[in-house]
Amino acid sequence: MNIRNALLAAAFLAGLGTAAPAAAQGGFGPQELAIEEVRNGIYMIRSAASGNITALVSDDGVLLVDSKFEREYDRYMELLRSVTDEPVRFVINTHMHGDHTGGNARLAELDADIVASENARRRMAEAQAMGLPNITFDDHLRIYFGGQALDLYWFGRGHTDGDIVIHLPEERLILTGDLFAGWGPSIRLIDYNGGGSLLHWSDTLERVLELDFDTVIPGHSGVTDRAMLEGYLDETLRMQGLIRELIRAGRTPDQVADAVQNEFGRLAFVILPNVQSAIDELR
Ligand SMILES: [Zn+2]
């Protein structure tokens, strides 16, 4: 088994509240929460256990992208306070999974506005999550913050049906959430229960790639670039192609799952609830 892929998959599963195999609990990112400056005024707070937080620190206050698990809240706020005393004004959720939204309720207590796609909010409400977003949008929302525009886009289904991408045009930077959780080939979880779709994922990534950017902050791993995201789209198309081929060859769902995992990494390809969902939509 490719250990790196196993760790990545485990981090996804951790995000969904599913027990991860003991050997794979490291996830990707540092074991202990740590803060790093990406560039002037932009910080990442990372840990292996959950999704990245990105903090935009300005004279307008702080804007956070994602809020990790609730149990990490005290420590990541400590780290944030080591670089700024400004209040948290906005929290943008890239999607509804618990490893990206767990701190929402605590941050709302600080009077932060919580922003997400309407789809993500609806699913959080259905799951009776705490700290529901109070600002939502369908396709596009612009926030002016810290002297620059942030464009939030919903481009379609992928990891879930509520994933958004945040574009900072002046920085030529995007934040992808788990539409692109990490580097490397085909590390993906398709949450069909959350409206995800392997079929639509490629179209969604093509729309992301129409934006003007060179730097990418993924949902889990460290800062990367446009070429990595292009590679991720290629792997998405290749995965679709392989599954279609296997369907045509009359393979059973178990055989499809095995073949795809052998090709792309045994735990790197995780479908919830099961591979039948992918077969149904790619048939
Ligand atoms: Zn997720």
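The values are calculated or read from the model by the stated rules, or taken from the named source; none is laboratory data. Predicted model only: the values in this text are computed from it and were never measured. Note that each Cβ is placed from the backbone with ideal geometry, even for glycine, and that neighbours are counted across all protein chains shown.
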Please go through region 190-208 and pick out each residue that is aromatic (Phe, Trp, Tyr) and surrounded by 24 or more Cβ atoms within 10 Å (Cβ to Cβ). TRP201
Tell me, which residue of region 175-196 that is within 14 Å of the ligand (Cβ to nearest atom) and hydroxyl-bearing (Ser, Thr, Tyr) is farthest from MET239 (Cα to Cα)? THR176
Look at ARG172 and say whether it is basic (Lys, Arg), within 16 Å of the ligand (Cβ to nearest atom) and touching a residue at least 12 places away in the same chain (Cβ under 8 Å). no
Are any of the residues in region 242-257 crowded, with 22+ Cβ neighbours inside 10 Å, among the β-branched types (Val, Ile, Thr) and under 30 Å from ALA55 (Cα atoms)? no
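Polar (S, T, N, Q), within 13 Å of the ligand (Cβ to nearest atom) and either within 15 Å of the chain's Cα centre (by Cα) or under 21 Å from LEU272 (Cβ atoms) (or both): does that describe THR236?
no
For GLY195, state whether it is under 13 Å from HIS95 (Cα atoms) and either small (Gly, Ala, Ser) or at pLDDT 95 or above (or both).
Taking the combined requirement at face value, the residue satisfies it.
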When you scan region 158-189, how many residues do you find that are buried (at least 24 other Cβ atoms within 10 Å of the Cβ) and among the charged types (D, E, K, R)? 3
Assess whether ARG142 counts as being on the phi < 0 side of the Ramachandran plot, of a type in the set (Lys, Arg), outside any strand (DSSP E or B) and more than 19 Å from the chain's Cα centre (by Cα). no
From the list GLY41, GLY98, pick out the single residue that is surrounded by fewer than 23 Cβ atoms within 10 Å (Cβ to Cβ), under 24 Å from GLY195 (Cβ atoms) and either at pLDDT 95 or above or touching a Cys at 6+ places or on another chain (Cβ under 7 Å) (or both). GLY98
May I ask you to list the residues in region 69-90 that are in contact with a strand residue (DSSP E or B) (Cβ under 6 Å, 6 or more places away or on another chain), without any contact (Cβ under 8 Å) to a residue 40 or more places away in the chain and not in a strand (DSSP E or B)? THR84, GLU86, PRO87
Restricted to region 209-226 and to residues being away from the ligand (no atom under 16 Å from the Cβ) and not in a loop (DSSP other than H, G, I, E, B), the residue surrounded by the fewest Cβ atoms within 10 Å (Cβ to Cβ) is ASP225
Name the residue that is farthest from the chain's Cα centre (by Cα), counting only residues in region 172-205 that are among the aromatic types (Phe, Trp, Tyr) and farther than 16 Å from GLY222 by Cα. TYR192
Got a number for residues in region 104-120 being without any contact (Cβ under 8 Å) to a residue 60 or more places away in the chain and within 15 Å of the ligand (Cβ to nearest atom)? 4
Checking the structure you have, find out if any residue of region 140-154 is farther than 24 Å from ASN40 by Cα and within 16 Å of the ligand (Cβ to nearest atom). yes
Hey, does region 155-163 have a residue that's more than 13 Å from the ligand (Cβ to nearest atom), modelled with pLDDT of 95 or more and in contact with a strand residue (DSSP E or B) (Cβ under 7 Å, 6 or more places away or on another chain)? yes
Matching entry among ARG248, ARG226, ARG244 (being among the charged types (D, E, K, R) and free of Cβ contacts under 8 Å to residues at least 12 places away in the same chain): ARG248
LEU13 passes all but one of the listed conditions (1) surrounded by fewer than 23 Cβ atoms within 10 Å (Cβ to Cβ); (2) modelled with pLDDT of 95 or more; (3) within 13 Å of the ligand (Cβ to nearest atom); the exception is number (2)
Kindly indicate whether any position in region 125-133 is outside any strand (DSSP E or B), within 16 Å of the ligand (Cβ to nearest atom) and within 20 Å of HIS167 (Cα to Cα). yes
